[in-house]
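Here is the structure we will look at.
Quick note: the coordinates plus some simple rules give every number you see, no bench work behind them. Since the model is a prediction, treat every value here as computed from it, not as a measurement. Neighbour counts are summed over all protein chains in view; Cβ atoms, including those assigned to glycine, are modelled from backbone coordinates with ideal geometry.
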Amino acid sequence: MSSGYKLAVLGDRESILGYRTLGFHVREAENEADGRRELSDLAKEGYAVIYVTEQLACRIEDEIAKYKDSPLPAIILIPGKTGSLGIGMKGVHSAVERAVGADILA
Amino acid sequence: MTTLNVNPTRMELKRLKTRLTTARRGHKLLKDKRDELMKRFLDIVRENLELRREVEEALVSANRGFAVASAVMSPEMFEQSLMCPTKSVELDVSYQNIMSVDVPKFSFSESDGHTIYPYGYAMTSGELDDAVDRLSDIMPRLLRLAEMEKSAQLLAQEIEKTRRRVNALEYVMIPQLSETIRMITMKLDENERGNLTRLMKVKDMMIKEQLQKK
């Protein structure tokens, strides 16, 4: 058991403001370049869980895919201010497809 | 099926036979591993889907709450009230071993804030209270989601790897080995037969020679 890991939320300003009240660390990223930089920074700084808004995630998919196979950090997509885009759900289904060979839960 | 490029000798045969038994045993073990992994994976993924649906719904409604609150309040006031959180979260990460895959388990400890609301009530609207309340309700599930989703990803990777191994053993290694073993046995048998006929022939010749001498 190791402790002292941190949680972060990454996304546009309006979407992530509320998470500050939970004690999460929030990082703003309005555009693609910011998103990439912040994400790799966060990963390097030892954040264990990084929540990324779907609106941002759909633009930096390749950056997120880098961390898919390592135990930490866990990058989890959450709906942003404009609602769910279904990308997070798609991620779960693609994991099924990868493991089983076909999406049997669709 | 192509055979391995080896010399058809007894020693090679013996070596290949041990390799074949090892491959067979490995194949069986990996197949069992794959099946068990798959079982665990499906359990996790089902829960993951359920949880994600729940969390997304809740988050969307919390976001809507914040949007309403920001509409009711002045922008400066809105930002100020969320500026200084009362609590901070620390995450504990331990690892759980599922079929030799290490998946992270998260548990969090919050520093003791007396209230979840990082502001006084005088200047803020009730909508904001509501939104903050809703968000802090989802928090444990949000963490659980992170755990499940990471586990699902890691297990998917392991299953993919194991499946490849099983297939490589089943459709390449094992047929190749048995084919090579067959080839060597046939060649050795053929040599044996050739040797036998040669001996018989020599014996015949010797007998004939003896008869002629008499």
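Of note:
- For region B:17-213, diffusion coefficient by Stokes-Einstein and Kirkwood Rh (Cα), 25 °C, 0.890 mPa s, µm²/s: 104 µm²/s
- The calculated 222 nm mean residue ellipticity attributable to helices in chain B amounts to -26500 deg cm²/dmol, summing -39500 (n - 2.57) over DSSP H runs of n ≥ 4 and dividing by all residues.
- Considering only the protein assembly as shown, percent of DSSP beta bridges that pair antiparallel, nearest 5: 50 percent
- For region A:18-33, Karplus couplings with θ = phi - 60° (6.51, -1.76, 1.60), whole Hz, Gly/Pro x: x, 5, 4, 5, 7, x, 6, 7, 10, 10, 8, 8, 8, 10, 4, 4
- As a ratio to 2.2 N^0.38 Å, the alpha-carbon radius of gyration computed for the protein assembly as shown takes the value 1.64.
- Average other protein chain Cβ within 10 Å of Cβ, residues A:77-84: 6
- Dipole in debye (nearest 20) - region A:6-100, about Cα centre, beta carbon charges: Lys, Arg +1; Asp, Glu -1: 240 debye
- Beta-bridge orientation, chain A: approximately 5 percent antiparallel, per DSSP, counting only bridges with both partners inside.
- Using Cβ point charges alone (K and R +1, D and E -1), the dipole size of the protein assembly as shown about the Cα centre works out to roughly 3900 debye.
- Signed unit charges on C-beta, dipole axis of region B:17-213, positive-most listed residue B:Met186, B:Leu199, B:Met77: B:Leu199
- Under 5 Å, built H, 5+ apart or other chain: amide partners of A:Ala29: A:Gly11, A:Asp12, A:Arg13
- Partner lysines for A:Lys90 [C-alpha distance under 24 Å; skip if fewer than 8 residues away on the same chain]: A:Lys66, A:Lys68, A:Lys81, B:Lys39, B:Lys105, B:Lys150, B:Lys161
- Average beta-carbon neighbours from other chains, 10 Å sphere, peptide B:55-63: 5
- Pairwise Cα inverse-distance average, inverted: Kirkwood Rh of region A:6-100 (Å): 13.3 Å
- Projected area, mean over directions - region B:1-119, Cα convex hull, nm²: 14.5 nm²
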